[in-house]
Amino acid sequence: MQQNKLFVGNLSFSSDESDLQGAFEEFGEIDEIRVIIDRESGRSRGFAFITFAESDDANNALSLDGKELNGRELRVNFATERSGGRRGNQNSGNDNN
């Protein structure tokens with residue numbers, strides 16, 4: 001199975017879609033860039049997903065793993081689908097402890 005969606009971690013909280021576009025566009029056509037934002041604070045959570053039009057381009061972009069962007073060394077690998085529901089939200093609005 002060929003993949004074309006990358007996980008990009010260890011982002012500077014100041015990094016935005018245009019920063020990622022500039023860093024990754026040399027590898028090929030990008031369909032989507034999503035910097036994940038914390039709903040409560042409105043700040044970046046420090047990671048993003050980049051979807052390339054072609055899986056070969058995504059594979060080539062893996063070479064940015066460990067490269068610096070805005071003062072941080074990027075972690076770049078293929079995105080994996082999470083199974084099940086949401087993780088890490090211990091307080092889902094139900095205060096019956």
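A few notes on this one:
Residues are listed down the side, and each one gets a yes or a no for (1) exposed (fewer than 14 other Cβ atoms within 10 Å of the Cβ); (2) in contact (Cβ under 8 Å) with a residue 12 or more places away in the chain:
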{"position": "5", "(1), (2)": "no, yes"}
{"position": "8", "(1), (2)": "no, yes"}
{"position": "15", "(1), (2)": "no, yes"}
{"position": "23", "(1), (2)": "no, yes"}
{"position": "37", "(1), (2)": "yes, no"}
{"position": "40", "(1), (2)": "yes, no"}
{"position": "45", "(1), (2)": "no, no"}
{"position": "55", "(1), (2)": "no, yes"}
{"position": "79", "(1), (2)": "no, yes"}
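- So residue 40, is it of a type in the set (Asp, Glu), within 15 Å of the chain's Cα centre (by Cα) and not in a strand (DSSP E or B): no
Every read-out reported here was derived from the displayed coordinates using simple, explicitly stated rules and does not represent laboratory data. This one's a predicted model, so the numbers in the text were calculated from it and none came from an experiment. Heads up, the Cβs are rebuilt from the backbone with ideal geometry, glycines too, and the neighbour counts pull from every protein chain shown.
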